[in-house]
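Colleague: So that we are looking at the same thing, I have put the structure below in structure tokens.
Computed from the coordinates by the stated procedures, all read-outs in this text should not be read as laboratory data. Bear in mind that the values here come from a model prediction, so they are computed numbers and not experimental data. Counting neighbours? That spans all protein chains shown, and the Cβs are built from the backbone with ideal geometry, glycine included.
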Amino acid sequence: MAAKDIRILLRDRLGFLFTAVFPLVIALLIGVMYSDPGPDRVAAALIDEDLTPGSERFVARLKAANEIELELFPEDRALGRVRRGQIPVLIVLKPGFGAALDSPWTTTADVELTVDPSRIVEVFLVRAVLLRSVGEELSERPGEGVPDTGLPVTMDLVEVQAERDGVSKAFSRSVAQ
């Protein structure tokens, strides 16, 4: 019975096309479209306004992270690269960051993230790496660990105006903690 149906299907070329070939072509196209794993590492610029041993230790930890490729820039160049969409996020370690890591129960470390809003997935990956790095930094303290109140870090998330293809995107400011 099945052999008879296959013979009939092979005689009808249009029927064979829509029954066997077309579904395979669609499956291959969908597989190719969704197979891009994305970049291996997300590029991020960093400005260390603190320049203390604590912040340098933290920068070294971020450079060792597999998920981000960190570049140190002067502020004006880094902000321009974010605005042009070349880098999705600029990390600014504010003054007092190293001291806050050294005494997490008395002060809060301030980090400012300037981001390209069109690449928000990459921004959240960098934010996760930052939080993980702070947690690792605090957990390496003998007998102290992470405080019960959570990580002593505040992050200001600033979306900048992107200048791509002559079209400007929206500008907004929000705070993410």
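Colleague: How big is the Kirkwood radius of the stretch 25-116, worked out from every pair of different alpha carbons and given in Å to one decimal?
Modeller: Working: mean 1/r = 0.0669 Å⁻¹.
Here the Kirkwood hydrodynamic radius works out to 15.0 Å.
Colleague: Per-residue counts of other Cβ atoms within 10 Å, averaged by peptide: what ranking do you get for 17-24, 43-50, highest first? Each step should come with its number before you reach the end.
Modeller: Values: 17-24: 10.6, 43-50: 20.1.
Going by the mean number of other Cβ atoms within 10 Å, highest first, we get 43-50, 17-24.
Colleague: Return P(r) of the stretch 1-52 (all Cα-Cα pairs; 10 Å bins starting at 0; whole %; ordered from short to long distances).
Modeller: 18, 22, 17, 13, 10, 8, 6, 5, 0
Colleague: Hey, another quick one. Report the local net charge at Asp50: Lys and Arg +1, Asp and Glu -1, summed over other residues whose C-beta lies under 10 Å from its C-beta.
Modeller: Values: positive: Lys94; negative: Asp48, Glu49, Glu56, Asp110.
Once positives and negatives cancel, what remains is -3.
Colleague: How would you rank 25-31, 134-140, 71-77, highest first, on the average number of other Cβ atoms within 10 Å across their residues?
Modeller: Ranked by mean Cβ neighbours within 10 Å, highest first: 134-140, 71-77, 25-31.
Colleague: For the stretch 52-96, what is the largest minus smallest coordinate of the Cα atoms on each principal axis, given in angstrom and ordered from greatest to least?
Modeller: Dimensions of the stretch 52-96 along the principal axes of its Cα atoms: 31, 26, 11 Å.
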